[in-house]
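What follows is one structure encoded as structure tokens, with my remarks underneath.
The values are calculated or read from the model by the stated rules, or taken from the named source; none is laboratory data. Every value quoted in this text rests on a predicted model; they were computed, and no experiment measured them. Note that we place each Cβ from the backbone using ideal geometry, even for glycine, and neighbour counts take in every protein chain shown. Only protein heavy atoms, including side chains, enter the accessible area calculation; ligands, DNA and RNA are left aside. Shrake-Rupley method; radii C 1.70, N 1.55, O 1.52, S 1.80 Å.
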Amino acid sequence: MHPRLKFAVLACAAIVAACAPMPSTSQNKMGFFVTSANPGNGADLGGLPGADAYCQKLASTVNGGSRNWRAYLSAAPAGNAPAVHARDRIGRGPWLNAKGVVVATSVDHLHSAGNPLSKANALTEKGEVVSGRGDAVNMHDILTGSTADGRLDTSALDTTCGNWTQSGEGSAIVGHHDRTGLDDSAPAKSWNASHATRGCGMAALKATGGAGLMYCFAAN
């Protein structure tokens, strides 16, 4: 090939390569979401492993499966296993919702008075708003089993529906994702520690004001 022709061919190839779309490296930066649905058995989530697996499954449906997802749930001591505190399971932050909005910069920020979580940014993995108090269907009760500082709630015999294995009798502590309740008290406005449920089955959870939803955080 003539040197000038060869140079022209190479130049054209370089231009085409430069204009070609870059390989897709888009990975969902989401690090927090409210589950869009309950797994199907009320507060029986299959224990913490089952809850974590469900968070992982939902994240995978929106291109977030490469992250290590954990359910924001506390659990009571069982056998030789010590108590588990939700705040210790979720990594260090910061965490963004499905729309790229930062909902907390660190564990301390998440559990502080300056925590910006609200109905507007406590979105599902699909980026959808979860209905709350005042909507046709109230689903603002989010399962946590925790105190306001993110540790196991020990105010009653059962605050975790049998460590998330019961769908009948029992009770669990929930928070309000919309930060609203029956009054202006701190629990009513708490995202993670508002009150106990009437039971552990779906009917009881709905009667209390929820749908058996959880908070999921990326721990890495």
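Quick notes on this structure:
- Selection within region 173-220: residues that are assigned to a loop (DSSP other than H, G, I, E, B) and among the basic types (Lys, Arg). The member of this set that is surrounded by the most Cβ atoms within 10 Å (Cβ to Cβ) is Arg179.
- Restricting region 139-170 to residues that are in contact with a Lys or Arg (Cβ under 9 Å, 6 or more places away or on another chain) and part of a loop (DSSP other than H, G, I, E, B) leaves a set whose member that is surrounded by the fewest Cβ atoms within 10 Å (Cβ to Cβ) is Asp149.
- The residues of region 118-134 that are out of contact with any Gly (no Cβ under 6 Å at 6 or more places or on another chain), open to solvent by 10 Å² or more (accessible area, probe 1.4 Å), farther than 17 Å from Ser185 by Cα and at pLDDT 95 or above, listed by number, are Ala120, Asn121, Lys126, Gly127, Glu128, Val129, Ser131.
- Across region 35-92, the qualifying residues are those that are charged (D, E, K, R) and under 15 Å from Gly145 (Cβ atoms), and the one among them that is surrounded by the fewest Cβ atoms within 10 Å (Cβ to Cβ) is Asp88.
This table checks each residue for (1) under 18 Å from Gly50 (Cα atoms); (2) touching a residue at least 40 places away in the same chain (Cβ under 8 Å).
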site	(1), (2)
Leu143	yes, yes
Asp149	no, yes
Leu152	no, yes
Asn163	yes, yes
Ser171	no, no
Asp178	no, yes
Gly181	no, yes
Asp184	no, no
Pro187	no, no
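- The residues of region 107-117 that are of a type outside the set (A, V, I, L, M) and open to solvent by less than 40 Å² (accessible area, probe 1.4 Å), listed by number, are His111, Asn115.
- Test: residue in region 84-93 that is of a type outside the set (D, E, K, R), farther than 30 Å from Gln166 by Cα and modelled with pLDDT of 95 or more: yes
- Candidates Leu123, Leu152: the one that is under 20 Å from Gly91 (Cα atoms) and within 15 Å of the chain's Cα centre (by Cα) is Leu123.
- Pairing residues of region 44-60 that are outside any loop (DSSP other than H, G, I, E, B) with residues that are among the small types (Gly, Ala, Ser), at Cβ distances under 6 Å and at least 6 apart in sequence or on separate chains, gives Leu48/Ala75; Ala51/Ala71; Asp52/Ala71; Cys55/Ala71; Ala59/Gly65.
- Enumeration of residues in region 135-167 that are within 13 Å of Arg198 (Cβ to Cβ) and either at pLDDT below 95 or charged (D, E, K, R) (or both): Asp141, Asp158
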